[in-house]
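To start, the structure under review is shown below, and the notes come after it.
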Amino acid sequence: MFRTNPITGERVLFAPHRASRRGAFGDDSEERCPFCLGHESDTPPELVRAGDPWRVRVFPNKYPPIEGAEVIVESPEHEESFAGVEHAEDVVRTYVGRYRAHAGAAYVSLFKNEGARAGASIPHVHSQLVPLPFVPPRIERELAGFARGCVLCGVRDNIIHETASFVWLAPSASAFAYQQWIVPKRHVHEVSALSEDELRELASLLRASARSTRTVASAFNWMFLSFPRAESAHFYVDVTPRAAVVAGFELSTGTFVEIIDPADAARRLRETE
């Protein structure tokens, strides 16, 4: 269920049942982990698995923000981080498969919360997918920008690393310290348009980004920014370390104060890559 802000017209999802989920209010309960190998009965029935024994599992979110939300558990090992996941290609292929499974949604939000500061209620490595019946405000704003021309084709800002198909960089107008973008060199508007070779490269870059990011912050988010049915737009992954908090100025204005020069961020992340 969602309601509409009477001033801006933006939607707010209402899911009161999520208040009862583990860690909803920042507690660090040491309950049995439902995502570990052997605890499969602790989760809703799975939708997809990769490997036997499994390496990746997908199941409906027990506390969904909206109907259709899913959890993608990326390793059976409780202490694993994405930086160490050897089967990252399986994970990325699973992302794409689940994204395609919700092709009828107005928008599919695919994201990772790693670490409590990034919003993870369970520390076991996982990502989430949330199909939405509306296009969210950030995506609407970026679609309007791409309609004026693609600024990501040929982007060369503060490069951390590049492959045959991708540029990994620190954007010149970062909103967060050590923020990174992973941008396909080829103009594609959603993750499902990537080729098998591109998916392999993306999996490798995600591991490298997770490894480097953990040297500057213990928590981070990544967000797959796809733009369904909008071929003028350019898909990319936004990796946002959570080294600092969002405070009153940012909340009251929507304007962010950056404390690390992106050129310095790129240099630091290159050294740890």
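The values are calculated or read from the model by the stated rules, or taken from the named source; none is laboratory data. Please read all numbers here as calculations on a predicted model, not as lab measurements. Please note: Cβ atoms are built from the backbone with ideal geometry, for glycine as well, and neighbour counts cover all protein chains shown. Note: accessible area is taken over every heavy atom of the protein model, side chains too, but ligands, DNA and RNA are not part of it. Shrake-Rupley method; radii C 1.70, N 1.55, O 1.52, S 1.80 Å.
Which residue pairs have Cβ atoms closer than 7 Å, lie 6 or more positions apart in sequence or on different chains, and pair a first residue in segment 154-166 that is under 17 Å from Asp261 (Cα atoms) with a second residue that is open to solvent by 40 Å² or more (accessible area, probe 1.4 Å)?
Matching pairs, first to second residue: Asp157/Ser172; Asn158/Ser172; Ile160/Arg270; Ile160/Glu273.
Which of the residues belonging to segment 2-24 are at pLDDT 90 or above and open to solvent by 70 Å² or more (accessible area, probe 1.4 Å)?
Of everything in segment 2-24, those that are at pLDDT 90 or above and open to solvent by 70 Å² or more (accessible area, probe 1.4 Å) turn out to be Arg3, Thr4, Pro6, Ile7, Thr8, Glu10, Arg11.
Can you tell me which residue among Gly104, Gly68 is within 19 Å of the chain's Cα centre (by Cα), in a loop (DSSP other than H, G, I, E, B) and modelled with pLDDT of 95 or more?
Exactly one residue qualifies, and that residue is Gly68.
Which of the residues spanning segment 231-249 are assigned to a loop (DSSP other than H, G, I, E, B) and loosely packed, with under 11 Cβ neighbours inside 10 Å?
Once the filter is applied, which keeps residues that are assigned to a loop (DSSP other than H, G, I, E, B) and loosely packed, with under 11 Cβ neighbours inside 10 Å, segment 231-249 yields Val245, Ala247.
Residue by residue, here is whether (1) surrounded by fewer than 17 Cβ atoms within 10 Å (Cβ to Cβ); (2) aromatic (Phe, Trp, Tyr) holds:
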residue	(1), (2)
Val56	no, no
Phe59	no, yes
Pro64	no, no
Glu77	yes, no
Tyr107	no, yes
Phe111	no, yes
Gly115	no, no
Ala120	no, no
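Looking at (1) surrounded by fewer than 21 Cβ atoms within 10 Å (Cβ to Cβ); (2) of a type in the set (Gly, Ala, Ser); (3) touching an Asp or Glu at 6+ places or on another chain (Cβ under 7 Å), find the lone condition where Ser252 falls short.
(3)
One line per residue, one yes/no per condition, for (1) outside any strand (DSSP E or B); (2) open to solvent by 20 Å² or more (accessible area, probe 1.4 Å):
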{"position": "His124", "(1), (2)": "yes, no"}
{"position": "Ser127", "(1), (2)": "no, no"}
{"position": "Glu140", "(1), (2)": "yes, yes"}
{"position": "Gly145", "(1), (2)": "yes, yes"}
{"position": "Val151", "(1), (2)": "yes, yes"}
{"position": "Ile160", "(1), (2)": "no, no"}
{"position": "Ala164", "(1), (2)": "yes, yes"}
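When you go through (1) assigned to a loop (DSSP other than H, G, I, E, B); (2) open to solvent by less than 10 Å² (accessible area, probe 1.4 Å); (3) of a type in the set (S, T, N, Q) one by one for Ser212, which number turns out not to apply?
Checking Ser212 against (1) assigned to a loop (DSSP other than H, G, I, E, B); (2) open to solvent by less than 10 Å² (accessible area, probe 1.4 Å); (3) of a type in the set (S, T, N, Q), the one that fails is (1).
Would segment 36-51 turn up any residue that is within 20 Å of Phe220 (Cβ to Cβ) and either in contact with a helix residue (DSSP H, G or I) (Cβ under 6 Å, 6 or more places away or on another chain) or open to solvent by less than 20 Å² (accessible area, probe 1.4 Å) (or both)?
No: segment 36-51 contains no residue that is within 20 Å of Phe220 (Cβ to Cβ) and either in contact with a helix residue (DSSP H, G or I) (Cβ under 6 Å, 6 or more places away or on another chain) or open to solvent by less than 20 Å² (accessible area, probe 1.4 Å) (or both).
Name the single residue that is most open to solvent (accessible area, probe 1.4 Å) among those in segment 79-95 being of a type outside the set (Phe, Trp, Tyr), in contact with a strand residue (DSSP E or B) (Cβ under 9 Å, 6 or more places away or on another chain) and not in a loop (DSSP other than H, G, I, E, B).
This residue is Arg93.
Cβ-Cβ distance below 7 Å, separation of 6 or more or different chains: which pairs start in segment 256-270 with a residue that is in contact (Cβ under 8 Å) with a residue 24 or more places away in the chain and end on one that is in a helix (DSSP H, G or I)?
Phe256/Glu250; Leu269/Ser212
Scan segment 166-209 residue by residue and report those that are assigned to a loop (DSSP other than H, G, I, E, B), open to solvent by 10 Å² or more (accessible area, probe 1.4 Å) and under 25 Å from Arg242 (Cα atoms).
If the condition is that a residue be assigned to a loop (DSSP other than H, G, I, E, B), open to solvent by 10 Å² or more (accessible area, probe 1.4 Å) and under 25 Å from Arg242 (Cα atoms), then Ser172, Ala173, Ser174, Ala175, Phe176, Ala177, Tyr178, Gln179 are the ones that fit.
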